[in-house]
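Note sheet for the following structure.
The values are calculated or read from the model by the stated rules, or taken from the named source; none is laboratory data. For clarity, every value in this text was computed on a predicted model and none was experimentally measured. Note that each Cβ is placed from the backbone with ideal geometry, even for glycine, and that neighbours are counted across all protein chains shown. Quick note on the areas: whole protein, heavy atoms, side chains included, nothing else; ligands and nucleic acids left out. Shrake-Rupley method; radii C 1.70, N 1.55, O 1.52, S 1.80 Å.
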Amino acid sequence: MRVSREVAQENRQKVVDEAARLFRIHGYEGIGISGLMKAAGMTHGGFYKQFPDKTALMVEATQAAMAQHEKDWARRLEKAGGDRLEAFRQAYLHDSHLTRVGAGCVLPALAAEAPRHGEALQSAFAEGLEKLADLVAPEDRAVALSTIAQVVGALMLARAAGDHPVADQVIAAVGGKADEG
């Protein structure tokens, strides 16, 4: 049965959105096409009608997640006024970001895997990183990138340490604060 172009586009977007979430949780290699399609409520066979291969989906899902975060950060930093850099640091290092991997930033969840998957995925990361830097400190790219590197690294290490006290120490070391009780 054929579906309209509109329904096909909605289905494709559903797969991309679900893949963006599941890749952040499981990693690019931690979930297969069958699992992605099942989570999106579609059949495995429908995948190849929408994407040439898994790498194409990885790139599109990463771009979509980064674009969504760009919108979210733009809105958040606009509201923050004043010191955008400090507002970014505090929001990024918030305890809820530590635990919400599937809805969190793509950078700490998947950046370490990107070099293994080729130039198209690396380009998606580079473009997303540039846009984030422009939001965080548009007047000083070096400061923006330094801050992003610090908070992404801290978040990665804190997640890796789990409930160990060093996780909170890492966050505090880069200027973050833990949630109050």
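Quick notes on this one:
- Residues of the range 136-158 that turn out to be under 25 Å from ALA74 (Cα atoms) and open to solvent by 30 Å² or more (accessible area, probe 1.4 Å), as a count: 11
- Selection from the range 1-45 of residues that are open to solvent by 70 Å² or more (accessible area, probe 1.4 Å), outside any loop (DSSP other than H, G, I, E, B) and among the charged types (D, E, K, R): ARG5, GLU6, GLU10, LYS14, ASP17, ARG21, LYS38
- Count - residues of the range 107-116 that are assigned to a helix (DSSP H, G or I) and surrounded by fewer than 16 Cβ atoms within 10 Å (Cβ to Cβ): 2
- Filtered residues of the range 95-106 (kept if of a type in the set (Val, Ile, Thr) and either crowded, with 18+ Cβ neighbours inside 10 Å or over 15 Å from the mean Cα position of the chain (by Cα) (or both)): VAL106
- Among (1) modelled with pLDDT of 95 or more; (2) closer than 29 Å to THR55 by Cβ; (3) in contact with a Phe, Trp or Tyr (Cβ under 8 Å, 6 or more places away or on another chain), the one test that LEU135 misses: (1)
- Residue in the range 151-162 that is more than 19 Å from ARG21 (Cα to Cα) and over 17 Å from the mean Cα position of the chain (by Cα) present: yes
- Checked against the criterion of being within 13 Å of GLY27 (Cα to Cα) and assigned to a helix (DSSP H, G or I), the range 87-106 contains one or more residues that satisfy it.
- Residues being in a helix (DSSP H, G or I), open to solvent by 50 Å² or more (accessible area, probe 1.4 Å) and without any contact (Cβ under 8 Å) to a residue 60 or more places away in the chain - total across the range 46-79: 9
- Answer residue from the range 1-40, given it is basic (Lys, Arg) and under 16 Å from the mean Cα position of the chain (by Cα) and is nearest to GLY118 (Cα to Cα) among those: ARG24
- Selection status of LYS38, within 21 Å of LEU132 (Cα to Cα) and among the basic types (Lys, Arg): no
- Within the range 161-181, the set of residues being touching a helix residue (DSSP H, G or I) at 6+ places or on another chain (Cβ under 8 Å), free of Cβ contacts under 8 Å to residues at least 12 places away in the same chain and open to solvent by 80 Å² or more (accessible area, probe 1.4 Å) comprises just one member, ASP168.
- Test: residue in the range 123-132 that is open to solvent by 20 Å² or more (accessible area, probe 1.4 Å), of a type outside the set (A, V, I, L, M, F, W, C), out of contact with any strand residue (DSSP E or B) (no Cβ under 6 Å at 6 or more places or on another chain) and over 25 Å from GLY30 (Cβ atoms): yes
- With respect to (1) within 16 Å of the chain's Cα centre (by Cα); (2) open to solvent by 40 Å² or more (accessible area, probe 1.4 Å), the lone exception for TYR92 is condition (2).
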